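Chemist: One structure is given below, represented as structure tokens, and several questions about it will come after.
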């Protein structure tokens, strides 16, 4: 690793707190860092930020070059491929020099348009801005939207009259993600979070009426469940979904009777998940009931309970049914097989099915924006580690594929200069772990190349091998970029997820280490040239891998890392804790406590030489408390026997996703890239 200048690191004051459970005694010297109202906490975080800035000052020139490169590759003034809804075409546009997007529509695909909402205007006067909800009324005359100006994800809901361009008097505070219109164009359904940031209440608002008089439609008292609300593509129903990590309950409401009752499709049963879409006289239902990889059912709209479910596609080994999209004449099946997303189309006239073929063996194919029900055209997004994102319209009847837009990459990008492939590492228990990677085609694979290995591995979330123009600044400099598709994610189906959660969580960590070892053994890099990166639950992965094999990496980038696992999962007052027990385990049960105690990164730090670390946090983060990375960094400094830098950067006005605004996020990425390159001795 490159020699970094010596800058005195902040030392947090020790204020020991003794935590005990099941006869186990833990001493937490930095428990006090949880109190954001303590001026000493603010002072400490600001001192950490100053230390990080000073420690990276020698990379300021490199950061600026990287930022300039990133911006130079991006078509700053650009717009999305138009999406049709009824007689109108909708686009999202960016303009050079502006941080945020503009939302517009036009009466023809290539006609002149009107701006409906300019996020830049809404963001004026705020250090942070995020658009949380955006929903058109059925008649397309009104636009409901919600904004977050702190990063705390508690949003203000407003409604804009698109004819006048002005907002209506209606304003509703403290709302959450999720919004649905009734068919009358006057009634809105929205969600509110509780004190722990769990969306637990569904409310009904009628335009023109005082929000204080809004009706509470449903309240979810089981703390394991989050509520979600939306509309079916047919717009015939409003759907209310109660979802825990492992169990689902869906309620539907006829959109023409907004004051009517929601009816339950299938009462919740522990461990049974299902999702619903509407098609004329029936519902299509995907469920894991008696089907670990999910199966497809149908049921009449008027008698939609499980006793009426009829199987259309059964459970299949090696193929996971991720979900369906119902159109008037077709049903789109989103599947995962052999670690890749697959799109298949069922013709509802004869129930025949065909697969949409893709041009590369390793790729990402994601659902696109498909608001229309009565169409034969399916939109999806396609890319690979070397192919920029393309917006594809596929005619499900004629099977003709049309590229509507390819993400511009300025500066003469040539995909032939790079090569992508898939490797397989072997975990300690013999399981094969996929690695997707990309590098310059002329790169010598003799162990001399630097590499970045990314990992996540939780919540059944799949990290697909997709393109990033930002990443080119690393690839051009000879860096190998790799993704470890570890257990706990969803890349290889439900069993892949199950074998990386609860009492199998350690598989996530050992899979990642096996992937790193394979990259070294295969000559793609060496331990003193390997940087690892992950965020949130992937930050837990970074912390666990660091504890297990600090010798295997030269640097670690951990974004908003979930590293104080045991203490957080024991605190039921924190956001997400109770619902997260189904992912990590309930430490109030001794078996789970002991297991989590054995891997929690904060609780298992030991004296050793650590690689360089860059850690980020958000003061307003409702998902991973800022104190987790702050405490972890403080304790890392206590136990580290080396002189590698340990850096913490806290966004003092943002949340889980980091700084808002595209230029701000690009500067943040330039800083991270500079840290990575500096760590492997690349200064230019």
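The values are calculated or read from the model by the stated rules, or taken from the named source; none is laboratory data. Being a predicted model, the structure only gives us computed values, none of them experimental. Neighbour counts run over all protein chains shown; Cβ positions are idealised from the backbone, glycine included.
Chemist: Go through (1) assigned to a strand (DSSP E or B); (2) in contact (Cβ under 8 Å) with a residue 24 or more places away in the chain; (3) surrounded by fewer than 21 Cβ atoms within 10 Å (Cβ to Cβ); (4) not assigned by TED's automatic domain parsing to the domain that holds residue 378 one by one and return the number of the condition residue 271 breaks.
Modeler: Exception for residue 271: condition (1).
Chemist: Find the residue count for region 401-430, including only residues that are part of a strand (DSSP E or B), out of contact with any helix residue (DSSP H, G or I) (no Cβ under 7 Å at 6 or more places or on another chain) and within 28 Å of residue 517 (Cβ to Cβ).
Modeler: So in region 401-430, the residues part of a strand (DSSP E or B) come out as 401-406, 418-426.
Subsequent filtering for residues that are out of contact with any helix residue (DSSP H, G or I) (no Cβ under 7 Å at 6 or more places or on another chain) retains 401-406, 419-422, 424.
Still in the list and also within 28 Å of residue 517 (Cβ to Cβ): 419-422, 424.
Residues meeting the conditions: 5.
Chemist: When residue 113 is evaluated against the numbered criteria (1) under 24 Å from the mean Cα position of the chain (by Cα); (2) modelled with pLDDT under 95, which criterion, by number, is the only one it fails?
Modeler: Result: residue 113 fails condition (1) only.
Chemist: Now for a different question. So residue 75 clears everything in (1) in a strand (DSSP E or B); (2) surrounded by fewer than 20 Cβ atoms within 10 Å (Cβ to Cβ) except one condition, right? Which one?
Modeler: Answer for residue 75: the failing condition is (1).
Chemist: OK, next. For residue 296, which of the numbered conditions (1) assigned to a strand (DSSP E or B); (2) closer than 27 Å to residue 346 by Cβ; (3) in contact (Cβ under 8 Å) with a residue 40 or more places away in the chain fails to hold?
Modeler: Exception for residue 296: condition (3).
Chemist: Need the failing condition index for residue 133 against (1) farther than 20 Å from residue 667 by Cα; (2) in contact with a helix residue (DSSP H, G or I) (Cβ under 8 Å, 6 or more places away or on another chain), just the number.
Modeler: (2)
Chemist: Which residue is surrounded by the most Cβ atoms within 10 Å (Cβ to Cβ), if the candidates are limited to region 497-529 and must be within 27 Å of residue 419 (Cα to Cα) and free of Cβ contacts under 8 Å to residues at least 40 places away in the same chain?
Modeler: 513
Chemist: Against the condition over 18 Å from residue 573 (Cβ atoms), over 22 Å from the mean Cα position of the chain (by Cα) and outside the structural domain of residue 623 (by TED's automatic domain parsing), how does residue 191 come out, does it pass? Break it down stepwise before answering.
Modeler: Working: over 18 Å from residue 573 (Cβ atoms): yes; over 22 Å from the mean Cα position of the chain (by Cα): no; outside the structural domain of residue 623 (by TED's automatic domain parsing): yes.
Judged against the criteria, residue 191 is not a match.
Chemist: Which ones in region 377-400 are outside any strand (DSSP E or B) and under 14 Å from residue 356 (Cβ atoms)?
Modeler: We begin by selecting, within region 377-400, every residue outside any strand (DSSP E or B); these are 384-389, 396-400.
Matches in region 377-400: 396, 397, 398, 399, 400.
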